[in-house]
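The values are calculated or read from the model by the stated rules, or taken from the named source; none is laboratory data. A quick note: this is a predicted structure, and the numbers were derived from the prediction, not measured. Here Cβ is always computed from backbone atoms with ideal geometry, including for glycine, and neighbour counts include all displayed protein chains. For accessibility, only protein heavy atoms count, side chains too; no ligands or nucleic acids. Shrake-Rupley method; radii C 1.70, N 1.55, O 1.52, S 1.80 Å.
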Amino acid sequence: MRNELRRAQVRFYDLRRHDDGIRGELEEACRRVVASGRFILGQEVEAFEHEFAAYCGVRHCIGVGNGLDALHLVLRGLGIGTGDEVVVPAQTFIATWLAVSYAGATPVPVDVDPRTANMAPELVEAAITRRTRAVMPVHLFGNPADMHAISPIARRRNLAVIEDAAQAHGAIYHGKRAGSLGDAAAFSFYPSKNLGAFGDAGAVVCDDSKLAERVKTLRNYGSTSKYYHELPGYNSRLDELQAAVLRVKLRHLDVWNRRRNEIADLYTGGISKLGDSVKAPEHDEHVSSSWHLYVVRAAQRDGLQNHLGKRGIETAIHYPRIPAEQSAYGNYRSTISHCPNAVQYARSSISLPMGPYLENWEVTAALDAIRQYAG
Ligand SMILES: Cc1ncc(COP(=O)(O)O)c(C=O)c1O
């Protein structure tokens, strides 16, 4: 496989190509920070927080060290901890679950919708106990979870709704942006995300001023004025260089997302003609995905991946094992059988090359190779 990947004509993701068109703007932003001599919690972070809150349609944004910390600090900010439970989807990147564990609470998995791999709303109620404090849907691959079905269940039980929007920058659900659909949301700006930094970075967004203040305090050693510490906090701050880079990229995000959408349409148009051996991703109505990933399902997934690899099309698997199958969550073995859709998704899904810089010939090359396989 390794040699084949080296020969790939269409890479799965290529960050250099992604940033090529705006290299000058990015370098200028970095120079500005170096010249300022200020690297932690300065004007760039403050400006980015303003701009990203406005972009998401919420009142507050707090820049933090990464997406996992963003989730963790929301939970801490809401006072969720030991003895509490948080309902999470059975299939997601493990960070969703780890954030709950970091807080000292227990992740309680619910199975996913077999079409979208997002939390199945009809299973949420049964997962709620008297210890439950929050429901944490993930907008997996950029496709918003069914918040209109999930939120009323949480409201009735007085539970917080926390969006894991790590993959959903700019995604829209019923006319509202991801990040404005619950009580609070967490974003990751990992370099390969739709809005990516030059290293680790993340943010919490919310409307609640008290929660915003708490998260702001928690990210900076639990301190609001230097060397006075109200809370046992953390060191998880977005830095000035990352904020400056993110400010540049935020200006381009909608154009990039539109191009991702065009690419997704091309893929879906081609794949939907192929019968059942390869299935295009499905979405609910009134949803516009950010298309962080374009994930198809194939009964013979490994065969398809091999076939594409030999033809120079690099792919990836998101994610081959659900969190309950990971050694890190060995104590969750008994829950695996309650999540058949999540397991099935993990075994059958394969992510095709996706990025706003992709040219149509590359999408066509991937489609041709899939067509050959589907035969
Ligand atoms: C769904 C999901 N949640 C949380 C995270 C954690 O983000 P980070 O890697 O920035 O900590 C990621 C990103 O990798 C993610 O994909």
For peptides 258-268, 291-301, sequence by mean Cβ density within 10 Å, most packed first: 291-301, 258-268
Packing-based order for 174-186, 227-239, using average beta carbon neighbours within 10 Å, highest first: 174-186, 227-239
Hydrodynamic radius of the stretch 271-373 per Kirkwood, over alpha carbon pairs, in Å: 15.1 Å
Antiparallel content of DSSP bridges confined to the stretch 141-235, in %, to 5: 75 percent
Whole-number D in µm²/s for the stretch 98-225 (Stokes-Einstein; Kirkwood sum over Cα pairs; 20 °C, 1.002 mPa s): 138 µm²/s
Over the chain: helical MRE at 222 nm, DSSP H runs n ≥ 4 each giving -39500 (n - 2.57), nearest 500: -11500 deg cm²/dmol
Against the rule of thumb 2.2 N^0.38 Å, how large the Cα Rg of the stretch 82-134 comes out: 1.10
Karplus (6.51, -1.76, 1.60) ³J(HN,Hα), θ = phi - 60°, over the stretch 102-107, in Hz, Gly and Pro reported as x: 3, 6, x, 8, 10, x
Quarter of the Cα convex hull surface for the stretch 181-268, i.e. its orientation-mean projected area (nm²): 7.5 nm²
Coarse-grained scattering of the stretch 323-375 at q = 0.13, 0.14 Å⁻¹, given as base-10 log I(q)/I(0) from a Debye sum over alpha-carbon atoms: -0.56, -0.61
Alpha-carbon gyration tensor eigenvalues x 5, square-rooted, for the stretch 191-346, Å: 38, 24, 15
Lys/Arg +1, Asp/Glu -1 at C-beta; the stretch 277-375 dipole; positive extreme among Ala324, Pro353, Tyr294: Ala324
Ordering of 351-364, 146-159, 89-102 by packing [mean C-beta count within 10 Å, highest first]: 89-102, 351-364, 146-159
The chain - share of DSSP beta bridges that are antiparallel (%, nearest 5): 65 percent
Gyration tensor over alpha-carbon atoms, the stretch 170-217, equivalent ellipsoid semi-axes in Å: 20, 18, 5
Cα-Cα separations in the chain greater than 29 Å, expressed as whole percent: 42 percent
Cα extents of the stretch 227-295 along the three principal axes, largest first (Å): 64, 28, 22
Three principal axis lengths of the stretch 251-290 [C-alpha, angstrom, descending]: 39, 19, 10
Carbon and sulfur %, accessible surface of the chain computed with the full protein complex present, 1.4 Å: 49 percent
Pairs of Cα atoms farther than 20 Å apart, the stretch 133-199, %: 26 percent
Pairwise centroid distance, computed over Cα atoms, of the stretch 14-59 with the stretch 68-128, Å: 30 Å
Share of pairwise Cα separations in the stretch 1-97, more than 15 Å, in percent: 79 percent
